[in-house]
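What follows is a set of notes on a single structure, which appears directly below.
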Amino acid sequence: MVHDHISSAYDRDIENITMLIVKMGGLVEEAILNAADALANRDVEAAEKVRKGDKAIDALEVQINDEAARTIALRAPVSKDLRGILTVLRLAASLERIGDYAKNIAKRTSVVADMPPINGSDNALRRMAREVQQMLSQTLDAYVRGDADLAESVRQHDHEVDQMYNALFREFLTFMMEDPRQITPCMHLHFMAKNIERIGDLTTNMAEQVIYLVTGEMPDEARPKGDKTAYVRQPE
């Protein structure tokens with residue numbers, strides 16, 4: 001009976017923490033999309049709202065960490081239960097970092113707002129942001145449902161985000177070589193693209209944590225990576 005009581009209390013704690021993770025994830029998804037929209041619309045006011053909204057994301061991470069620590073202290077979870085708590089902490093940390101990347105995009109939007117768009121790159125960045133937002137949404141669904149297959153599909157999708165980033169990187173490189181006046185705006189836009197690509201990486205890491213939670217094992221095979229920009233050479 002005592003074991004059943006502890007188990008029931010642990011389940012309630014996990015349900016509460018899961019709700020906080022979902023709430024935090026929803027705010028992060030909004031931040032990603034709003035930051036990208038602010039860039040495409042050159043909307044400094046909207047970008048500033050994204051920056052200010054990051055405080056709510058940070059506060060939820062603190063609350064989740066506190067709740068997880070309390071659960072560990074009171075319930076002394078072991079085995080899969082402990083794995084669930086560790087997964088929560090890692091998911092919250094990744095969400096907080098993704099929120100920071102969205103905030104960084106918003107910060108740069110304030111800088112490039114008065115610069116002319118570079119050949120449709122704003123909309124390309126918005127499409128890329130929507131891709132990673134969808135990945136994040138599916139990862140959170142996989143966590144709530146305990147769906148390792150869905151998490152694996154997110155993991156495999158990261159390759160497409162890398163390809164989008166590579167294409168943008170090469171475009172920016174071409175623009176900068178052809179017209180030195182484009183160097184400053186292209187560099188800002190490149191850093192935004194890199195922020196989005198890193199969001200994709202962090203989301204993929206979250207998906208791997210979900211797989212670990214459900215199966216007890218991290219994925220064996222290295223996921224396909226499409227970011228080859230470190231090896232791009234300028235033409236001689």
Pair list, Cβ < 8 Å and 6+ apart or interchain, from the range 92-110 residues that are touching a residue at least 60 places away in the same chain (Cβ under 8 Å) and more than 19 Å from GLU61 (Cβ to Cβ) to residues that are surrounded by 18 or more Cβ atoms within 10 Å (Cβ to Cβ) and among the basic types (Lys, Arg) = LYS107/ARG51
key: Residue among ASP54, ASP66, ASP81 that alone is in contact (Cβ under 8 Å) with a residue 40 or more places away in the chain, acidic (Asp, Glu), out of contact with any Leu (no Cβ under 8 Å at 6 or more places or on another chain) and more than 21 Å from GLY146 (Cα to Cα)   = ASP54
task = Inspect the range 170-185 for any residue being at pLDDT below 95 and among the aromatic types (Phe, Trp, Tyr) and give the result as yes or no.
result = yes
key: Check on THR71, touching a Phe, Trp or Tyr at 6+ places or on another chain (Cβ under 8 Å), modelled with pLDDT under 95 and not in a loop (DSSP other than H, G, I, E, B)   = yes
request  = Go through the residues of the range 171-189 one by one and say whether even a single one is in a helix (DSSP H, G or I), within 19 Å of the chain's Cα centre (by Cα) and not polar (S, T, N, Q).
outcome  = yes
inquiry  = Condition first: surrounded by fewer than 17 Cβ atoms within 10 Å (Cβ to Cβ) and of a type in the set (Gly, Ala, Ser). Now tell me which residues in the range 47-76 satisfy that.
reply    = ALA56, ALA59, ALA69, ALA73, ALA76
query = When the range 195-236 is examined, which residues are found to be under 19 Å from LEU125 (Cα atoms), assigned to a helix (DSSP H, G or I) and at pLDDT below 90?
reply = THR229
remark   = Given (1) closer than 23 Å to GLY200 by Cα; (2) surrounded by fewer than 18 Cβ atoms within 10 Å (Cβ to Cβ), ASN104 misses just (2)
Candidates ASP114, ASP122, ASP100 - the one that is modelled with pLDDT under 95, part of a helix (DSSP H, G or I) and not polar (S, T, N, Q) = ASP122
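The values are calculated or read from the model by the stated rules, or taken from the named source; none is laboratory data. None of the values given here were measured: they were computed from a predicted structure. Don't worry about glycine lacking a Cβ; one is built from the backbone with ideal geometry, like all the others, and counts go over all protein chains shown.
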